[in-house]
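Engineer: Mind looking over this structure? Questions follow.
The values are calculated or read from the model by the stated rules, or taken from the named source; none is laboratory data. Not measured: the values here are computed from a predicted model. Glycine also receives a Cβ, built like all others from the backbone with ideal geometry; neighbour counts cover every protein chain displayed.
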Amino acid sequence: MASKEGKYNIKAISTMLGIQAGTLRAWERRYQIIEPVRNKAGHRLYSDEHVAILRWLLEKVNKGFTIGQAVDLFEQGTVSIEQEDKQYADYSIQLSEDILEALLSFQENKANQLLNQAFCLFSIDKVTIDILGTLLVKVGYMWERNQISVAHEHFVTSFLRTKIGTIFHGLPVDGVMPKVVAVCGPHETHELGLLIFTLFLRRKGFEVIYLGAGIPETDLEHVIEEVDPDMFFTSCTMDQNLDASIQLLDHLRVQFPDLKIGAGGFAFDRLNESKAATYADFLVGKKKGDWEKWLKKNL
């Protein structure tokens, strides 16, 4: 089923479908065939369902129908995005692949240009979670299988950490939203997954104290006591660090029984069935939809 979540701004739609923004606005006013959602700034955002409908209408117009005739035909039937041809694949996927290729070739300027293009076309959530998040997963996969060097991995992660950190610190905090402490698990050095997750939280207005990697457990307890957060999140990427991360979860839930605790990362995603069941309440999942469900359950 086509997603109804607003993802694309009007410039992205114009680029993807080859339709002028003015034409699209005129169609919306005259035929009310689609109704974009509005973000907090009041800007139009279009969903995958909207894209499917617009593409269907354009195909009919290109075959000689007037837009009015195409709308009449549409209202007599349905459009399914699952039936779209592969040539219409999400452009964000291609951008993610192009950015990764540029970074693995140490072409920082090109990567910056592509990332700027992504921010012009898509929302911050779309860029950070769908584009940079997808890129992060690929880099982790390649690094684990020795398909890229340590130098490549360090260069890519340094680039992403800088970009995501800049966005993170530029977002406002809503004083009525929960306060969060986030830290990488013991011995973990891979922090980008946690950083992307905390960026997701900051976009929602959460006050996030992001500590990153290398924080001793005793220091962490002092921070929690001083900050008195509502929630605590940790991440573990490497399997060899998983036991230590689980021990941290066990310790914190005893030491701070009122603290809502969440955990994620590649290693937690690969928990065996027994441990996954034991720690199910902590696991935040891998995707934005999973994160939304976890928050809804714990807020």
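Engineer: If we keep just the residues of the range 125-147 that are over 17 Å from Ile93 (Cβ atoms) and surrounded by fewer than 17 Cβ atoms within 10 Å (Cβ to Cβ), which is nearest to the chain's Cα centre (by Cα)?
Structural biologist: Of everything passing the filter in the range 125-147, Glu144 is nearest to the chain's Cα centre (by Cα).
Engineer: Among the residues of the range 185-193, is there at least one that is modelled with pLDDT of 90 or more, under 30 Å from Asp98 (Cα atoms) and in a strand (DSSP E or B)? Step through it out loud before you land on a result.
Structural biologist: Filtering the range 185-193 for residues modelled with pLDDT of 90 or more gives 185-188.
If we keep only those that are under 30 Å from Asp98 (Cα atoms) as well, we get 188.
Among the residues that remain, those that are also in a strand (DSSP E or B) are: none.
So far as the range 185-193 goes, no, none of its residues is modelled with pLDDT of 90 or more, under 30 Å from Asp98 (Cα atoms) and in a strand (DSSP E or B).
Engineer: Among Ser47, Ser14, which is the only one that is touching a helix residue (DSSP H, G or I) at 6+ places or on another chain (Cβ under 6 Å) and not hydrophobic (A, V, I, L, M, F, W, C)? Spell out the reasoning first.
Structural biologist: Values: Ser47 fails: touching a helix residue (DSSP H, G or I) at 6+ places or on another chain (Cβ under 6 Å).
Just a single option satisfies the conditions, and that option is Ser14.
Engineer: Here are some residues: Ile261, Ile196. Which one is of a type in the set (Val, Ile, Thr), more than 26 Å from Glu144 (Cβ to Cβ) and buried (at least 16 other Cβ atoms within 10 Å of the Cβ)?
Structural biologist: Details: Ile196 fails: more than 26 Å from Glu144 (Cβ to Cβ).
Among Ile261, Ile196, only Ile261 is of a type in the set (Val, Ile, Thr), more than 26 Å from Glu144 (Cβ to Cβ) and buried (at least 16 other Cβ atoms within 10 Å of the Cβ).
Engineer: As an exercise: evaluate His187 against (1) without any contact (Cβ under 8 Å) to a residue 40 or more places away in the chain; (2) surrounded by fewer than 20 Cβ atoms within 10 Å (Cβ to Cβ); (3) closer than 19 Å to Phe268 by Cβ and give the number of the one condition it does not meet.
Structural biologist: The failed condition is (1).
Engineer: Before we move on, is Glu153 charged (D, E, K, R), over 28 Å from Ile261 (Cα atoms) and surrounded by 15 or more Cβ atoms within 10 Å (Cβ to Cβ)? Steps first, please.
Structural biologist: On the way: charged (D, E, K, R): yes; over 28 Å from Ile261 (Cα atoms): yes; surrounded by 15 or more Cβ atoms within 10 Å (Cβ to Cβ): yes.
In short, yes.
Engineer: Related question: Can you give me the number of residues within the range 30-43 that are under 18 Å from Val61 (Cα atoms) and either surrounded by fewer than 16 Cβ atoms within 10 Å (Cβ to Cβ) or out of contact with any Leu (no Cβ under 8 Å at 6 or more places or on another chain) (or both)? Give the derivation first.
Structural biologist: Applying the first criterion (under 18 Å from Val61 (Cα atoms)) to the range 30-43 yields 30-34.
Of the ones still in play, those that are also either surrounded by fewer than 16 Cβ atoms within 10 Å (Cβ to Cβ) or out of contact with any Leu (no Cβ under 8 Å at 6 or more places or on another chain) (or both) are 30-32.
Count: 3.
Engineer: What is the one condition in (1) part of a loop (DSSP other than H, G, I, E, B); (2) touching a residue at least 40 places away in the same chain (Cβ under 8 Å); (3) over 20 Å from Leu252 (Cα atoms); (4) not hydroxyl-bearing (Ser, Thr, Tyr) that Met177 does not satisfy?
Structural biologist: (2)
Engineer: Okay, moving on. From Ala2, Ala41, Ala26, Ala89, grab the single residue that is at pLDDT 80 or above and among the small types (Gly, Ala, Ser). Quick ask: steps written out before the conclusion?
Structural biologist: Numbers: Ala2 fails: at pLDDT 80 or above; Ala41 fails: at pLDDT 80 or above; Ala89 fails: at pLDDT 80 or above.
Exactly one residue qualifies, and that residue is Ala26.
Engineer: Does Leu17 satisfy being aliphatic (A, V, I, L, M) and modelled with pLDDT of 85 or more?
Structural biologist: Details: aliphatic (A, V, I, L, M): yes; modelled with pLDDT of 85 or more: no.
Judged against the criteria, Leu17 is not a match.
Engineer: Mind checking which pairs have a first residue in the range 103-115 that is modelled with pLDDT under 95 and a second that is surrounded by 14 or more Cβ atoms within 10 Å (Cβ to Cβ) and among the basic types (Lys, Arg), Cβ under 8 Å, 6 or more apart or different chains?
Structural biologist: If the second residue must be surrounded by 14 or more Cβ atoms within 10 Å (Cβ to Cβ) and among the basic types (Lys, Arg), the pairs left are Leu115/Lys163.
Engineer: Scanning the range 202-232 for residues that are of a type in the set (A, V, I, L, M, F, W, C) and touching a Ser or Thr at 6+ places or on another chain (Cβ under 7 Å), which turns out surrounded by the most Cβ atoms within 10 Å (Cβ to Cβ)?
Structural biologist: Narrowing the range 202-232 to residues of a type in the set (A, V, I, L, M, F, W, C): 206, 208-209, 211, 213, 215, 220, 223-224, 227, 231-232.
Adding the requirement that they be touching a Ser or Thr at 6+ places or on another chain (Cβ under 7 Å) leaves 208, 213.
Numbers: Val208: 25, Ala213: 15.
Among them, the one singled out is Val208.
Engineer: Restricting attention to the range 248-270, which residues are closer than 10 Å to Gly185 by Cα and either part of a helix (DSSP H, G or I) or of a type in the set (Lys, Arg) (or both)?
Structural biologist: Residues satisfying the conditions are Leu248, Leu249.
Engineer: Quick one: how many residues across the range 146-159 are assigned to a helix (DSSP H, G or I) and among the hydroxyl-bearing types (Ser, Thr, Tyr)?
Structural biologist: Looking only at the range 146-159, we keep the residues that are assigned to a helix (DSSP H, G or I), and these are 150-159.
Among the residues that remain, those that are also among the hydroxyl-bearing types (Ser, Thr, Tyr) are: 157-158.
Summing the residues that are assigned to a helix (DSSP H, G or I) and among the hydroxyl-bearing types (Ser, Thr, Tyr) in the range 146-159 gives 2.
Engineer: Quick test for you: out of Thr198, Thr162, Thr218, pick the one residue that is of a type in the set (S, T, N, Q), in the same structural domain as Gln107 (by TED's automatic domain parsing) and in a helix (DSSP H, G or I).
Structural biologist: Thr162
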